[in-house]
Amino acid sequence: MRAVTFQAPNEVRIEEKPDPRIGAPDEALIRVEASGICGSDLHIYHGRVPVEQGFTIGHEYVGTVLEVGEQVERVSVGDRVLGCFHTACATCAACLRGDYHRCERQRTFGHGSHLGDLQGAQAERLLVPRANLTLRKVPPGMSDEAALFAGDVMGTGYHAVSHAGMKAGDTVAVLGLGPVGLCAVQAANVGGAVRVFAVDTVGARLEMSAAFGAVPVHLGEEEPKKAVRAATEGRGVDVVVDAVGDPEPLAMAISLCRDAGTVSGIGAYAGKGEVPLGLAWLKGLQLRLGLANVIAHVDRVMALIEAGKLDPTPLVTHHMGLDDAADAYEIYDRREALKIVLSP
């Protein structure tokens with residue numbers, strides 16, 4: 001089979017690899033029909049996440065089941081399925097609490113031996129462990145590109161809002177309008193937010209947020225704190241979502257949030273940085289950070305997409321072939337694409 005493999009920082013390559021085979025009773029083998037390039041894939045691409053040379057990357061996928069192990073009951077051969085970006089065991093203490101994102105035996109697709117040694121989805125075939133929990137049938141009529149989002153990006157945007165405990169009638173600010181941030185805008189509106197401020201520097205992304213019902217705030221042309229305070233009687237918003245994952249936007253999130261509000265940090269933070277914890281303490285804020293609990297949300301997110309309440313399809317700006325993966329990564333790295341879908 002053909003697969004996209006990591007070679008070195010800023011270099012990926014299509015390679016021929018042996019077809020995976022089922023080796024455990026809880027596994028399923030799928031033919032991948034669409035896979036996505038995600039912002040977290042760029043961490044691998046740039047060498048910030050250690051992945052072995054020749055490892056197949058990618059963790060967003062939709063496909064058709066080719067074979068299942070004897071313990072797989074929720075999907076069958078021939079089913080069209082979407083998958084979550086990581087697996088969970090369903091039996092450890094974290095999973096029994098419903099915290100599948102903190103599973104003690106979690107494995108993440110396409111992230112090398114440090115995160116479970118599970119080959120990735122940017123390939124023609126994919127072996128899926130814990131298939132009963134990891135895979136879902138795609139509803140009839142739902143496009144590949146819409147289904148692709150349920151197992152990661154839309155699930156992550158939904159988690160950012162849900163994890164914050166946002167209630168109908170709340171005001172929300174979303175910092176960073178990549179795919180996750182734009183999905184968080186949609187999720188906040190679906191959840192009943194009365195006003196959503198969307199903060200970024202890219203005009204096209206701001207325009208898309210406005211089409212989703214947000215109030216766009218251009219970081220280079222406006223002062224977000226002034227814009228938010230002016231529209232909230234000086235209080236700030238109830239919930240701020242940081243979809244960037246960096247100390248600077250996290251500090252801005254703390255400044256934009258009202259007293260006793262909530263900051264939901266869904267960006268991938270790494271290393272150290274300065275954050276105004278004293279201000280967060282004085283304001284009595286809740287800081288809720290971490291990886292998205294996508295497995296817990298996937299069925300609800302998929303239902304909302306099927307009902308047309310959430311629609312990730314406008315985020316897909318490029319469709320490219322698997323053989324064009326090297327070009328696709330370069331395009332994505334230059335921020336010339338919002339979301340790229342690869343097809344074999």
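The values are calculated or read from the model by the stated rules, or taken from the named source; none is laboratory data. Remember, predicted model here, so these are calculated numbers, not experimental data. Backbone-built Cβ (ideal geometry, glycine too); neighbour counts: all protein chains shown. Surface areas here come from the heavy atoms of the whole protein model, side chains and all, with no ligands, DNA or RNA. Shrake-Rupley method; radii C 1.70, N 1.55, O 1.52, S 1.80 Å.
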Which sequence of GLU145, GLU16 reflects their accessible areas, 1.4 Å probe, from the largest down? GLU16, GLU145
Test of understanding: express the Cα radius of gyration of the chain as a ratio to 2.2 N^0.38 Å, with N the residue count. 0.97
Counting pairs of alpha carbon atoms under 8 Å apart in space and at least six apart in sequence, what relative contact order in percent does the chain give? 17 percent
Alpha carbon centroid spacing (whole Å) that separates the stretch 172-219 from the stretch 96-110: 29 Å
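Order LEU289, LEU127 by their accessible area, 1.4 angstrom probe, all chains in place, largest first.
Working: LEU289 90, LEU127 40 Å².
Largest to smallest exposure gives the sequence LEU289, LEU127.
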Which whole-number percent is the relative contact order of the stretch 1-72 (Cα, under 8 Å, 6+ apart)? 43 percent
Taking only DSSP H segments of four or more residues, each worth -39500 (n - 2.57), what value at 222 nm results for the chain once the sum is divided by all its residues, to the nearest 500 deg cm²/dmol? -8000 deg cm²/dmol
Once ligands and nucleic acids are excluded and a 1.4 Å probe is used, how much of CYS103 is accessible, expressed in Å² to the nearest 10? 10 Å²
Net charge (Lys, Arg +1; Asp, Glu -1) of residues whose beta-carbon lies under 13 Å from that of VAL294, VAL294 excluded, is -1
Could you order LEU96, LEU250 by accessible surface area, starting with the largest, using a probe radius of 1.4 Å? LEU96, LEU250
How many percent of the accessible area of the chain is carbon or sulfur, using a 1.4 Å probe? 49 percent
For the chain, report the accessible area per residue in Å² (1.4 Å probe, heavy atoms, rounded to an integer). 42 Å²
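Add +1 for every Lys or Arg and -1 for every Asp or Glu among the other residues with Cβ under 15 Å from the Cβ of ARG229, and state the total.
On the way: positive: ARG195, LYS225, LYS226, ARG235, ARG258, LYS283; negative: GLU222, GLU223, GLU233, ASP238, ASP259.
Summing Lys and Arg as +1 and Asp and Glu as -1 gives +1.
Can you give the net charge of the other residues whose Cβ lies under 12 Å from the Cβ of ARG335, counting K and R as +1 and D and E as -1? Each step should come with its number before you reach the end.
Numbers: positive: ARG205, ARG334, LYS339; negative: ASP200, GLU330, ASP333, GLU336.
Result for the neighbourhood of ARG335: -1.
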